[in-house]
Amino acid sequence: MYEIRLHSRGGQGGVTAAKLLAQAAFLDGKYATATPLYGAERRGAPVVSFIRIDDEPIRIYSQIRKPDLVIILDPSIMHTVDVMQGLKPEGKVLINSPRPVEMGGHRVYNADLTGVALSLDLVIAGNPILNTPLLGAVAKVGLVSRESVRKAISGTFKDERNAQAALKAYEELSL
């Protein structure tokens with residue numbers, strides 16, 4: 001089972017990204033769950049989502065304490081939340097950053113998700129939409145196929161810029 005913990009802030013689309021990632025995995029023929037953890041937080045408050053992907057049915061719905069991958073949509077969240085807590089020694093990190101970031105010797109993928117969203121004017125209430133570009137980056141890392149990401153996004157959002165953002169992030173992420 002592959003376990004992912006996604007750290008975001010309310011309003012960034014982290015919860016939606018988790019659901020879309022699980023849907024993309026399902027479209028790839030996998031079993032997947034997506035579970036958010038938040039209370040009555042307001043926009044901008046820390047939110048964490050958990051995604052599990054497996055070839056077998058998943059019967060665990062608890063928080064993920066030892067993730068294989070940590071995703072960070074807003075790097076400033078690292079000042080208030082220990083995003084690296086429990087990350088497996090061979091675990092990986094995917095962070096929204098235009099520049100490479102060092103994180104305790106772990107393999108780090110940096111993707112300028114904010115830049116991708118802004119380049120396509122994919123903005124709501126002044127905030128860039130990060131969930132759909134994130135899915136493209138996750139596909140590039142190899143967790144789901146690019147085609148399943150496109151289908152999951154197109155089945156959820158009518159605005160074609162969302163699928164374009166995923167493709168652009170996929171193309172821009174270097175491994």
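Bear in mind these aren't lab numbers, they're just calculated from the coordinates by the rules spelled out. Here the structure is a predicted model, which is why all the values come from computation and not from measurement. Note that we place each Cβ from the backbone using ideal geometry, even for glycine, and neighbour counts take in every protein chain shown.
Ordering ASP82, ASP159 from the fewest to the most neighbouring beta carbons within 10 Å gives ASP82, ASP159. Taking each DSSP H run with n ≥ 4 as -39500 (n - 2.57) and averaging over every residue of the chain yields -9000 deg cm²/dmol at 222 nm. Decide, for the chain, between rounded, prolate and oblate: order the square roots of the alpha carbon gyration tensor eigenvalues as a ≥ b ≥ c, take rounded if a/c falls under 1.5, and otherwise choose prolate if a/b is larger than b/c, else oblate. Rounded.
From the residues PRO36, LEU130, ASN162, which one has its Cα farthest along the dipole of the chain in the positive direction, the dipole being from +1 and -1 charges on Cβ of Lys/Arg and Asp/Glu about the Cα centre? My answer, from the dipole projection, is PRO36. Extension gain for VAL101-ILE60 works out to 11.6 nm (0.36 nm per residue, less the C-alpha to C-alpha distance).
For a paramagnetic label modelled on LEU175 (point 7 Å from Cα along Cα→Cβ), amide N atoms under 18 Å away belong, within the range 118-160, to 134-150. For SER76 and ARG146, what is the calculated FRET efficiency with R₀ set at 30 Å and r taken between the beta-carbons, to the nearest 0.05? For SER76 and ARG146, the calculated efficiency is 0.55. Only lysines eight or more places from LYS168 in sequence, or on another chain, were considered; those with a Cα closer than 24 Å are LYS19, LYS92, LYS140, LYS151, LYS158. A dipole drawn for the chain from +1 and -1 charges on Cβ atoms has a positive end, and of SER49, SER76, ILE153 the residue lying farthest that way is SER49.
Taking square-rooted eigenvalues a ≥ b ≥ c of the alpha carbon gyration tensor, is the range 102-174 rounded, prolate or oblate, where a/c under 1.5 means rounded and, failing that, a/b exceeding b/c means prolate? Oblate, because a/c is 1.5 or more while a/b does not exceed b/c.
Under a model in which nothing but the beta-carbon of Lys, Arg (+1) and Asp, Glu (-1) is charged, the chain shows a dipole of about 240 debye around its Cα centre.
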